[in-house]
1. Out of the residues in the stretch B:228-274 that are of a type in the set (S, T, Y) and more than 14 Å from B:Q205 (Cβ to Cβ), state the one that is surrounded by the most Cβ atoms within 10 Å (Cβ to Cβ).
2. Out of all the residues in the stretch A:105-122, which are farther than 15 Å from B:W140 by Cα and surrounded by 10 or more Cβ atoms within 10 Å (Cβ to Cβ)?
3. What is the one condition in (1) touching a helix residue (DSSP H, G or I) at 6+ places or on another chain (Cβ under 9 Å); (2) in a helix (DSSP H, G or I) that B:Y126 does not satisfy?
4. Quickly run through the stretch B:237-286 and pick out the residues that are among the basic types (K, R), outside any helix (DSSP H, G or I) and in the same structural domain as B:L207 (by the TED database).
5. Taking A:A93 as the residue in question, decide whether it is within 12 Å of chain B (Cβ to nearest Cβ), closer than 20 Å to A:V7 by Cβ, in contact with a strand residue (DSSP E or B) (Cβ under 9 Å, 6 or more places away or on another chain) and free of Cβ contacts under 8 Å to residues at least 12 places away in the same chain.
6. Mind checking whether some residue in the stretch B:285-297 is hydroxyl-bearing (S, T, Y) and under 32 Å from the mean Cα position of the chain (by Cα)?
7. Out of the residues in the stretch B:274-301 that are out of contact with any Asp or Glu (no Cβ under 9 Å at 6 or more places or on another chain) and among the β-branched types (V, I, T), which is nearest to B:L320 (Cα to Cα)?
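The values are calculated or read from the model by the stated rules, or taken from the named source; none is laboratory data. It should be emphasised that the depicted structure is a prediction, and the values quoted were computed from it without experimental measurement. Reconstructed Cβ throughout: ideal geometry from the backbone, glycine too, with neighbour counts over all protein chains shown.
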Amino acid sequence: MLPEPGVFHFPWEISSVQEGAAVRTYGRLRDLIASIRNPEVSEAVLSSQHLSVQYDITVHTAFVEPFLPSLHSHYIVLGDVERTEGDGVMVRARVLNCVDGINLALLQQAIVEQRRYLQERDEHASHLKIY
Amino acid sequence: MQTEQGEHEPSSLLWGLDPVLSSFAKLYVKDILRMRESSQIPVDDGTGVINCLCWKDEKWRENTDAVNSGATLQVSNKGGFNPVEQLKKLKLAQKLSAQLEIGDLLRVRGSVKTSREQREIMACSYYKVNDPVMEVQISWMMEVLHLYRDFYDKPFLFTKSVQHLDTAEGDDLLRSLSVLRRASRLLMSFIREKGLGSFRPKDVQHLLMPLLSCAPSCSTTQQESTVAQSSSKQVHHLFRDVIKALQDEGLVFRKVISQDEVYQVTEQDKELRRVTKDIVREDSGREKYAEKGCHVLHILSCVRQTYSRNVSKSVIEMVLRCLERDSEIFSTIDQNHYKYISVTD
């Protein structure tokens, strides 16, 4: 059984992604915190700004330990979304890569364009089915 | 079943011929453990996940030990290019680029196969990509998008001449093109063999008779009227087509348009060659053409004034190419400009 693809999501969209879905997203490494449940495993917090609002994503790093954290650098995470207690959202990372120096604006543009294209294509295909 | 190490393995294209490949072979565990390793690598590009079959050569494993032990390459004191050392470095680089870990960015090239109802990519080449700031991935996303929009999603438009190729008319077209080509080749080889400088239609038309049996059938509208068409007429028509094609290519031309239909063979026309060479030589000395050389159209216009009005551009281009081949002139800024090679050049 192959895993689901990690579809690109913007950090502010992660909270609306369903449980168990595979995602790719990004953020600046703001913090490394020891998990309350298991002190040996740490969690990373990736932070992003969008329209003057800060969005934090908790990343469970068990599968990618050990990794050399570079605070305040940009990271890309590929992992599975999990709901935590309360309204929390967490990503269990399968891949966590430092991409410091990335052109975020270009990445955002690429994601938007790709989505637009794939949506147009799906709409076109469903039109054909109707007629 | 297994090739011995070092023995040449047949191409993957032929594997399907081996019935054992598609069956669940009953093997000793000992042999399974010794088998050549293939990695099933699931690759995720954000739109989907597909298995890639990447075969790892046993030779890598042997080389790994040899390379690892000497992994710190000693800098040669002699300096210069040391092929043995460079080869070791190359092998190490190749090996490292094939060692894969989860999270690595890969470029995979191969063909799509369906195996046990699953689509897979049978990789013919794969390597790790170093992409520290995601530049490669981002430009890949944009590039693929444009490829789809500009090419893949557009229906391929066949040119008009090819559009009806799978109709009966198309078959005829293909056959007549091939007959024309053969007829042109036949005529030219005869002319060259005999060293003809010029010829008349009656001298060569007979050569085309054997090709008539290959000529395409007439279209239905013409069928009744051409039932009685003599073979000489057919030869005549074929000759007309061939001579036009040869003229278009510049291989033959008519120096004088008159009742007497005489064709000059461009390669053999010594007078034309001399006149062209003189024009290029004289004009190459003039200040106007000294730097860039003479343009082919200028040369053509001079030849038309001095030699024959009926010389075409393709004929003069052929003459100029012959002169260049024989190192009498050379092309300057592009294939449209020539200068004379003087002794002082």
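1. So in the stretch B:228-274, the residues of a type in the set (S, T, Y) come out as B:230-232, B:258, B:263, B:266.
From the residues that got through so far, the ones that are more than 14 Å from B:Q205 (Cβ to Cβ) too are B:258, B:266.
Values: B:S258: 8, B:T266: 24.
Looking at the filtered set, the residue picked out is B:T266.
2. Step one: filter the stretch A:105-122 for residues farther than 15 Å from B:W140 by Cα, giving A:105, A:116, A:118-122.
Selection gives A:R116, A:L118, A:Q119, A:E120, A:R121, A:D122.
3. (2)
4. First, the residues of the stretch B:237-286 that are among the basic types (K, R): B:240, B:244, B:254-255, B:270, B:273-274, B:277, B:281, B:286.
Next cut, outside any helix (DSSP H, G or I) only: B:254-255, B:286.
B:R254, B:K255 - these are the residues of the stretch B:237-286 that are among the basic types (K, R), outside any helix (DSSP H, G or I) and in the same structural domain as B:L207 (by the TED database).
5. Numbers: within 12 Å of chain B (Cβ to nearest Cβ): yes; closer than 20 Å to A:V7 by Cβ: yes; in contact with a strand residue (DSSP E or B) (Cβ under 9 Å, 6 or more places away or on another chain): yes; free of Cβ contacts under 8 Å to residues at least 12 places away in the same chain: no.
When the stated conditions are applied, A:A93 does not pass them.
6. no
7. Among those that are out of contact with any Asp or Glu (no Cβ under 9 Å at 6 or more places or on another chain) and among the β-branched types (V, I, T), it is B:T276.
Residues are listed down the side, and each one gets a yes or a no for (1) on the phi < 0 side of the Ramachandran plot; (2) of a type in the set (D, E, K, R); (3) assigned to a helix (DSSP H, G or I):
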position	(1), (2), (3)
A:A93	yes, no, no
A:N97	yes, no, no
A:L106	yes, no, yes
A:V112	yes, no, yes
A:L118	yes, no, yes
A:R121	yes, yes, yes
A:H124	yes, no, yes
